[in-house]
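The values are calculated or read from the model by the stated rules, or taken from the named source; none is laboratory data. Here the structure is a predicted model, which is why all the values come from computation and not from measurement. We place every Cβ from the backbone using ideal geometry, glycine too, and count neighbours over all the protein chains shown.
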Amino acid sequence: MNDQFPFEPRIFDKLEMDWRSKSNQIRTALRKKTQDSHNSLHQNPSFEALLAGTLSRRDYVQLLAKLWAFYRPLDQKLISACKEFNTHIVDFRYAPRARLLAEDLAKMGFNPELPYPPATDTNWACCRTPAQLGGILYVIEGSLLGGAVLAKAMGRSDELSGSGQNYWIWCRDHCRRRWDMTMRLLACYDYQDISELASAADATFQAMSNWMESENSIEEIEGSLA
């Protein structure tokens with residue numbers, strides 16, 4: 001067994017019986033420690049407008065473009081970290097998001113050609129330990145649950161009827177399975193405490209919130225990718 005994936009053998013042996021119990025404890029603690037940064041992301045005006053069905057078509061393209069710019073460099077970093085820490089041992093494999101967002105942008109007429117330099121840096125996404133990776137995945141995979149809610153909102157918006165929404169549909173269709181995969185993964189780690197996990201999760205919420213609240217326009221995002 002790779003020593004870079006330090007799960008507890010006791011828990012691995014009984015994984016089907018008690019991983020949910022341990023993951024519930026971890027999730028409760030993380031929710032408490034990341035409450036402020038989590039709420040800040042939820043209160044992003046674009047997400048709120050999309051949920052309310054009042055987001056304009058142009059602002060929707062802006063939202064997709066920002067998500068795409070956020071995930072494109074992060075996807076590769078998480079794929080590499082999952083490979084390094086052998087997360088496949090407990091059947092966790094990271095699924096890239098940028099491709100789905102690029103497809104939606106293309107449908108909306110925003111179709112940049114690859115390759116491009118990263119639109120946003122990922123220095124905040126430190127994956128030197130399994131706990132740091134776990135904290136990031138807690139946020140990234142948990143965001144699919146919110147994406148599933150937004151998928152329903154998309155269906156109620158006349159303004160965005162026929163818009164690219166593959167990403168939200170993917171969130172809706174895969175959120176529960178991927179959330180279970182993530183919590184199962186977190187339950188396998190042998191934590192002395194969850195401070196490192198919580199710090200990584202908090203940094204991820206903050207990085208995503210800061211990027212989504214940035215003043216970049218669609219043209220500026222395109223320019224940063226040229």
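Before moving on, here are some points about what is shown:
- Residue ID - surrounded by the fewest Cβ atoms within 10 Å (Cβ to Cβ), chosen from residues in the stretch 1-55 that are more than 16 Å from GLY134 (Cα to Cα), among the hydrophobic types (A, V, I, L, M, F, W, C) and modelled with pLDDT of 70 or more: ALA52
- Breaking point among (1) modelled with pLDDT of 95 or more; (2) touching a Phe, Trp or Tyr at 6+ places or on another chain (Cβ under 8 Å), for TYR138: (2)
- In the stretch 102-121, the condition of being under 14 Å from the mean Cα position of the chain (by Cα), more than 21 Å from LEU51 (Cα to Cα) and modelled with pLDDT under 95 is met by no residue.
- Looking across the stretch 165-209, just one residue is without any contact (Cβ under 8 Å) to a residue 40 or more places away in the chain, in contact with a helix residue (DSSP H, G or I) (Cβ under 9 Å, 6 or more places away or on another chain) and of a type in the set (S, T, N, Q), and that is SER195.
- Listed conditions (1) modelled with pLDDT under 95; (2) farther than 24 Å from SER23 by Cα; (3) out of contact with any Leu (no Cβ under 7 Å at 6 or more places or on another chain) are all met by MET154, apart from (3).
- Residue match in the stretch 169-190 (condition: assigned to a loop (DSSP other than H, G, I, E, B) and either in contact with a strand residue (DSSP E or B) (Cβ under 8 Å, 6 or more places away or on another chain) or at pLDDT 95 or above (or both)): yes
- Number of residues in the stretch 54-98 that are more than 25 Å from GLU159 (Cβ to Cβ), under 14 Å from the mean Cα position of the chain (by Cα) and of a type in the set (Phe, Trp, Tyr): the value is 1.
- The set of residues from the stretch 63-95 being closer than 16 Å to ASN210 by Cβ, in contact with a Leu (Cβ under 9 Å, 6 or more places away or on another chain) and not hydrophobic (A, V, I, L, M, F, W, C) comprises just one member, TYR71.
- If the condition is being in contact (Cβ under 8 Å) with a residue 60 or more places away in the chain, surrounded by fewer than 17 Cβ atoms within 10 Å (Cβ to Cβ) and polar (S, T, N, Q), then the stretch 63-91 contributes only ASN86.
- When residues of the stretch 92-101 are limited to those that are surrounded by fewer than 21 Cβ atoms within 10 Å (Cβ to Cβ) and either of a type in the set (A, V, I, L, M) or at positive phi (or both), the one modelled with the lowest pLDDT: ALA98
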